Amino acid sequence: MAEAVVLLIFAVLLLGCVVTGVSVVYALGGGLVCFCIYTRYCGYSMRQLGSMVWQGIWNSRTILRIFVLIGFLTALWRASGTIPSIVYYSAASMVPRYYLLLTFLLCCGMSMLTGTSFGTVSTMGVICASIGRAIGIPPAYIGGAVMSGIYFGEQCSPLSSSALLICDLTETDIYANIVQVFRVVLVPFAATAIWYLCLGSGISAHAAAAADTELFRQSFDLGGIVLLPAILIIILGLLRIQVEQIMMISIISAAAICVSVQGMSLKEVAEAMVNGYHVAMPELAVLIDGGGLKSMAELGVIVAISSSYFGIFSSTGLLTRLKQQVAALAAGSSVYIATIIVSVATCAVSCNQTLASMLTCELTRTLVQSRQELAINLETSVIVIAGLIPWSIACAFPLAAVSAPAESLAYAFYLYAVPGWMLVRSILLKK
């Protein structure tokens, strides 16, 4: 009974944050207090409780270090002209008939390079949306294509915080996971591309002016050298260099370009790494400002608090009954069906991708013997399903960034195709 009460209080706190628009960090903090009280109720000492919380946070140290590097990387890629250059030359290739396909592919490419859906939607997504509105593409179509593209990199990029979190939770190798994920998402990716090609062919549109993207050329030197940080990511990733080393090398190269090409001082580079990059031209601010250590602070707090839960869960058996119910569900259907159902529930309740991933992993961990299979199940379920929950941060922020309506989710084909294809595979394999 006590377990049910604690979990209910936690769910109410999360729901309250969603309804009021308050940061989910407050609900997570309140949840931690509830779980600590429950732990003391179960007879554990303060020393034992502290050990549980610390062990959970300590286990997430790798992903927290990655968050710091992502903050530095996203700021310096903006300041060095890497992201402006990619967006400028990509947007120039837009053809109305192929707009939806190109938007999907361009967002896929940017998310692969940066590993972040939020960073992608704030740059490439915003530009694509601006062009789409200018040529008369329905807003729901625009939002659907952007949503599909930005989550591709969340699964398949070695820089993805989501993919790295899954690696930490399942104790698997990031590159081995990427290879497996590429294999299983190839069919959904191709199907999505074909679908957007067909959908776009029936749209009546006109050419757009390139005024927005021309602003980049006025504020940045877009010579070929500014693409070096992105090229290094691709080459070193193919060589399977350790992810943190890749990011450090790219950060150093971007900082050097900021100083030598874009004319920034070392002080300005350091400020951008901490506070994020802010362009001098107001018209470009909405397109390029962002990144920096501060931009990752809230996400880091969410991961740290969420991670502290799992020391408590594993020691107190708080989720034992839920695990038994999930196991019974899997026995009556299939492991992947159970994973999808759990993913939808955790995404709906937690309202953020990080906690949903952790909860889904904990509840489905015992359903499979292979850690690799567990990792792939999570990558193809909870990571993309989070983008389909309208009140989740993973969905609400991207749609708001491109000013797209909630109806866009009906056209986010890739987010349905991945779990749908995996579901078909799981049923066939079981038979």
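The values are calculated or read from the model by the stated rules, or taken from the named source; none is laboratory data. Predicted model only: the values in this text are computed from it and were never measured. Here Cβ is always computed from backbone atoms with ideal geometry, including for glycine, and neighbour counts include all displayed protein chains. Each accessible area value is taken on the protein alone, full model and side chains, heavy atoms only, with ligands, DNA and RNA left out. Shrake-Rupley method; radii C 1.70, N 1.55, O 1.52, S 1.80 Å.
At a glance:
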read-out: Test: Phe104 is hydrophobic (A, V, I, L, M, F, W, C), at pLDDT 85 or above and open to solvent by less than 60 Å² (accessible area, probe 1.4 Å); value: yes
read-out: So Thr366, is it among the β-branched types (Val, Ile, Thr) and open to solvent by less than 30 Å² (accessible area, probe 1.4 Å); value: no
read-out: Selected residue [buried (at least 17 other Cβ atoms within 10 Å of the Cβ), in contact with a helix residue (DSSP H, G or I) (Cβ under 6 Å, 6 or more places away or on another chain) and under 19 Å from Thr116 (Cβ atoms)] from Cys351, Cys361; value: Cys351
read-out: Close pairs (6 angstrom Cβ cut-off, 6 or more residues apart or separate chains): within 19 Å of Cys351 (Cα to Cα) and part of a loop (DSSP other than H, G, I, E, B) in region 396-411, aliphatic (A, V, I, L, M) and open to solvent by less than 60 Å² (accessible area, probe 1.4 Å) anywhere; value: Pro405/Ala140
read-out: Filter pass, Ser130 being within 17 Å of Met94 (Cβ to Cβ), touching a helix residue (DSSP H, G or I) at 6+ places or on another chain (Cβ under 9 Å) and either open to solvent by 10 Å² or more (accessible area, probe 1.4 Å) or free of Cβ contacts under 8 Å to residues at least 40 places away in the same chain (or both); value: yes
read-out: Ser51, sole failed condition from (1) open to solvent by 30 Å² or more (accessible area, probe 1.4 Å); (2) over 20 Å from Ala304 (Cβ atoms); value: (2)
read-out: Residue among Leu228, Leu266, Leu293 that is in contact with a Gly (Cβ under 6 Å, 6 or more places away or on another chain), open to solvent by 30 Å² or more (accessible area, probe 1.4 Å) and not aromatic (Phe, Trp, Tyr); value: Leu293
read-out: Selection from region 197-216 of residues that are modelled with pLDDT of 80 or more and open to solvent by 60 Å² or more (accessible area, probe 1.4 Å); value: Leu197, Cys198, Ser201
read-out: Failed criterion for Phe413 (all others in (1) open to solvent by less than 20 Å² (accessible area, probe 1.4 Å); (2) in contact with a Ser or Thr (Cβ under 6 Å, 6 or more places away or on another chain) hold); value: (1)
read-out: Within region 272-290, tally of residues that are touching a His at 6+ places or on another chain (Cβ under 9 Å) and open to solvent by 40 Å² or more (accessible area, probe 1.4 Å); value: 1
read-out: Matching helices (runs of 4 or more DSSP H) fully within region 40-122 where at least 2 residues are free of Cβ contacts under 8 Å to residues at least 60 places away in the same chain and out of contact with any helix residue (DSSP H, G or I) (no Cβ under 7 Å at 6 or more places or on another chain); value: 46-59, 99-114
read-out: Subset of region 231-260 [open to solvent by 60 Å² or more (accessible area, probe 1.4 Å) and among the hydroxyl-bearing types (Ser, Thr, Tyr)]; value: Ser260
read-out: Residue identified as in contact with a Ser or Thr (Cβ under 7 Å, 6 or more places away or on another chain) and hydrophobic (A, V, I, L, M, F, W, C) among Ile257, Ile305, Ile252, Ile341; value: Ile257
read-out: Flag if Ser381 is under 18 Å from the mean Cα position of the chain (by Cα) and under 26 Å from Ala193 (Cα atoms); value: yes
read-out: Qualifying residue in region 322-329 (condition: open to solvent by 50 Å² or more (accessible area, probe 1.4 Å) and within 27 Å of Phe67 (Cα to Cα)); value: no
read-out: Val382 at pLDDT 85 or above and in contact with a Leu (Cβ under 7 Å, 6 or more places away or on another chain); value: no
read-out: Residue in region 173-196 that is surrounded by fewer than 19 Cβ atoms within 10 Å (Cβ to Cβ), without any contact (Cβ under 8 Å) to a residue 60 or more places away in the chain, part of a loop (DSSP other than H, G, I, E, B) and acidic (Asp, Glu) present; value: yes
read-out: Output for region 141-157, where each listed residue is within 17 Å of Ala401 (Cα to Cα), assigned to a helix (DSSP H, G or I) and open to solvent by less than 20 Å² (accessible area, probe 1.4 Å); value: Ile142, Gly143, Gly144, Ala145, Val146, Met147, Ser148, Gly149, Ile150
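This table checks each residue for (1) in contact with a Lys or Arg (Cβ under 7 Å, 6 or more places away or on another chain); (2) over 28 Å from Pro138 (Cα atoms); (3) β-branched (Val, Ile, Thr).
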position: Ile337; (1), (2), (3): no, yes, yes
position: Thr360; (1), (2), (3): no, yes, yes
position: Glu379; (1), (2), (3): no, yes, no
position: Ile393; (1), (2), (3): no, no, yes
position: Ala400; (1), (2), (3): no, no, no
